[in-house]
C-alpha cells in the first residue's frame, strides 16, 4: 500500500483521516501511518487509532521515512503555510487527497497538496491552488480561481468566475457573487455574502459583506 502521513493532528486532520478511509473503501491504495505535529505535547499520543509520530525531525531519524508523502491537514491558512514551507525546505514530499464523493470536472485544475472533502462540487475550468483545503459540501463554480493555502469551511459557495488570492480563510456557509475578487490573506466570516471585491487582509462579515478591520500582520509580511 502507498503510505501517507498527515501533517497536523487537529480537527481537520481527523476529517482528512475519514476521507482517507473513504478512499480505501473505494479501492484506493492508500495507508495512513500517523500524524506529524509541531506540538510536542501530542507526540506519542494516539488519535483515532493513529500515533502522533513527532515533529518534522521524525523524517530524519530512520532510513526511508523521507520517501513517505505528507497530506497537509492543518486548518488555518497561515499555520499551514508555515508548516508546509518548513517541510518543503527539508525536501519532504506532499500528495493530494480528493474524497471519492466529490464531483470534480475533468477540466478543473488542481495544484500540489490539495485536500477536497466529501460532497464538494468543483466545476468546469476551476483552478485550485497549491495546499488549499476545501471542506465538506462546498461548491466551486466554473472558472473560479483559488490561490495557494486557502481554506474553505463547510458549505462555502463560490459563484462562477470568483477569484481568491493566497491564504484566504473563507467561513462556513459564506458565498460570493459571480466574478468577485478577494485579496490574499482576507478572512470571510461565516454566512457572509460577498457582493463586491474585497481588499487583501480584510476581515469581512455580514450580508452584504462589509470590511470590519484588517488582519495583521499582513499575509505578505509573515
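Throughout, read-outs are computed from the coordinates displayed, never taken from laboratory work. All values reported here derive from a predicted model rather than from experimental measurement. Note that we place each Cβ from the backbone using ideal geometry, even for glycine, and neighbour counts take in every protein chain shown.
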Protection proxy ranking of 184-190, 107-113 - average other beta-carbon atoms within 10 Å, highest first: 184-190, 107-113
Give the shape of the stretch 1-95 as rounded, prolate or oblate, defined through the alpha-carbon gyration tensor: a ≥ b ≥ c are the square roots of its eigenvalues, a/c under 1.5 means rounded, and otherwise the shape is prolate if a/b is larger than b/c and oblate if not. rounded
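How large is the helix-only mean residue ellipticity at 222 nm for the chain, computed as the sum of -39500 (n - 2.57) over DSSP H runs with n ≥ 4, divided by its residue count, in deg cm²/dmol to the nearest 500?
Values: 2 runs with 28 residues, N = 222.
Result for the chain: -4000 deg cm²/dmol, rounded to the nearest 500.
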Please compute the contact order of the chain in relative form: average sequence separation of alpha-carbon pairs under 8 Å and at least six residues apart, divided by the residue count, as a percent. 11
Could you give the angle, 0 to 90 degrees to the nearest 10, between helix 77-89's Cα long axis and the longest principal axis of the Cα atoms of the chain? 40
The stretch 139-184-the stretch 187-222 distance, computed between alpha-carbon centres (Å): 12
Cα long-axis angle, helix 11-25 against the chain (0 to 90 degrees, to the nearest 10): 70
Using per-residue counts of other Cβ atoms within 10 Å, averaged over each peptide, order 168-181, 49-62, 122-135, 75-88 from highest down. 122-135, 168-181, 75-88, 49-62
Taking the Cα centre of each part, how many Å lie between the stretch 44-60 and the stretch 75-99? 16
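Counting only DSSP beta bridges with both residues in the chain, tell me the antiparallel percent, nearest 5.
On the way: 6 of 46 bridges.
Beta bridges within the chain, antiparallel portion: roughly 15 percent.
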Using a simple spin-label model with points 7 Å from Cα along the Cα→Cβ vector, what separation in nm is obtained for residue 39 and residue 76? 1.1
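What list do you get for 214, 139 if you sort them by fewest beta carbons within 10 Å?
Details: 214 14, 139 19.
Arranged by neighbour count, lowest to highest, 214, 139 become 214, 139.
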Report the label-to-label distance for residue 210 and residue 31 in nanometres (one decimal), using points 7 Å from each Cα along the Cα→Cβ vector. 5.7
